[in-house]
1. Read phi for every residue in region 130-139 and hand back ³J(HN,Hα) as whole Hz from Karplus 6.51 cos²θ - 1.76 cosθ + 1.60, θ = phi - 60°, with x for Gly and Pro.
2. Nearest 20 debye, what's the magnitude of the dipole of the chain about its Cα centre given +1 on Lys and Arg Cβ and -1 on Asp and Glu Cβ?
3. Using alpha carbon coordinates only, what is the Rg to Rh ratio of region 64-181, with Rh defined as the Kirkwood radius?
4. What is the mean projected area of the alpha carbon convex hull for region 132-219, to one decimal in square nanometres?
5. Any idea what Rg and Dmax come out to for the chain if you just take the C-alpha atoms, in Å?
6. In whole Hz and in residue order, list the ³J(HN,Hα) couplings for region 42-59 that follow from phi through the Karplus curve 6.51 cos²θ - 1.76 cosθ + 1.60, θ = phi - 60°; x for Gly and Pro.
7. Kindly write out, for region 25-32 in residue order, the coupling ³J(HN,Hα) from the Karplus curve 6.51 cos²θ - 1.76 cosθ + 1.60 (θ = phi - 60°), rounded to whole Hz, with x marking Gly and Pro.
8. Rounded to the nearest 10 Å², what accessible area does TYR77 have for a 1.4 Å probe in the complete protein model?
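The values are calculated or read from the model by the stated rules, or taken from the named source; none is laboratory data. Everything numeric here is computed off the predicted structure, so don't read it as measured data. Cβ sites come from the backbone with ideal geometry, for glycine too, and all protein chains shown count toward neighbours. The accessibility values were calculated without ligands, DNA or RNA, using every heavy atom of the protein model including side chains. Shrake-Rupley method; radii C 1.70, N 1.55, O 1.52, S 1.80 Å.
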Amino acid sequence: MVTILVTGSKGQLGSELLNLSRGYSGYEFIFTDLAELDITSRDEVARYIDDRKPSWVVNCAGYTGVDAAENDPSAAYAVNANGPANLAAALRNTNCRLVHISTDYVFDGLSNKPYLETDKPSPQTVYGKSKSEGETAALTHPATIILRTSWLYGVYGKNFVRTILGMLDRGIEPRVVFDQVGSPTWARGLAESIMAIISGVIRNKTPFVPGIYNYTDEGVCSWFDLAAETAATALRTVSVHAVRTESISQIAPRPPYSVLDKQKIKDTYGLNIRHWRENLVVCIKILTDAT
Ligand SMILES: NC(=O)c1ccc[n+]([C@@H]2O[C@H](COP(=O)([O-])OP(=O)(O)OC[C@H]3O[C@@H](n4cnc5c(N)ncnc54)[C@H](OP(=O)(O)O)[C@@H]3O)[C@@H](O)[C@H]2O)c1
């Protein structure tokens, strides 16, 4: 039996994997969050891995507060850098494969063409630096895939699309930056792709090729575009205003351009990635049907 251990399973991505796991009856899943497995504890991680002997670990745990991290770097580094280091150390002498999730924030966002996996990281924030250190740590385990993603949103947890919908419902007109450009990623689509990679390898459909991979939805937009599209899709008539970055106050700087080139993951694992607009429509339908 293939055993898949998921950490941080109460977050946006982990919750989607939990939902998806119901369709994978041939695998044993172990879903953990902070209460069951604190990835910042090296001893706890070592004991847990030794006890449960998973064949795959999907690390969805993260300290994801980009602004909060600036004021509490040690908390961010503990989860985002030491966490993957602890997992890699526990897995080093095993055949278990690690799927670790990282971010576009490892780049400075000053490029004008999509980032490749081989581009040199240059993180500008505590969050980005801690995640970049986490990538290096995760890669000390040779059987590791790192998926760098961006602008994650979905039906669970706190995210941009849900925040915008909440504002529109309360009649608040969002002011959203139009000069930061990237690609949204629906957490459900990413979860499906993670399971497609794992099951493709298990069924010998695709070889396991460790390394760093970019993964986002197809297409490119600004945060304003995403907010405006959210309002239009949800049939909300409240106005969304386009503003420049300098007119809003945020503690951590944001990358102005964070588009990631996805050719490597498509070529290696044969993924069929949907356009962000297509995913947004489905996600908003789920969110609005639920209310
Ligand atoms: N959100 C984005 O826009 C975005 C963009 C790019 C990349 N990513 C990356 O994608 C991954 C998943 O993101 P997400 O949005 O699903 O994150 P999320 O919703 O914040 O979920 C992270 C989960 O990890 C848990 N956690 C925190 N510290 C932990 C620890 N020490 N041990 C075990 N679990 C712990 C959190 O619990 P608490 O809630 O109790 O802290 C939460 O349940 C992260 O690695 C993140 O860096 C996210």
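1. 5, 6, 5, 5, x, 4, 4, 5, 4, 6
2. Details: 29 positive and 31 negative charges, 112 e Å.
It comes to approximately 540 debye.
3. On the way: Rg = 16.6 Å, Rh = 16.0 Å.
Using only Cα positions, Rg/Rh for region 64-181 is 1.04.
4. Values: hull surface 31.4 nm².
Averaged projected area of region 132-219's Cα convex hull equals 7.8 nm².
5. Looking at the chain, its Cα Rg and Dmax stand at 18.6, 57 Å.
6. Here the 3J(HN,Hα) series is 4, 5, 4, 5, 4, 5, 5, 5, 5, 6, 8, 6, x, 8, 9, 10, 10, 8 Hz.
7. Values, residue by residue: 6, x, 10, 9, 10, 10, 9, 10 Hz.
8. About 60 Å², ignoring ligands and nucleic acids.
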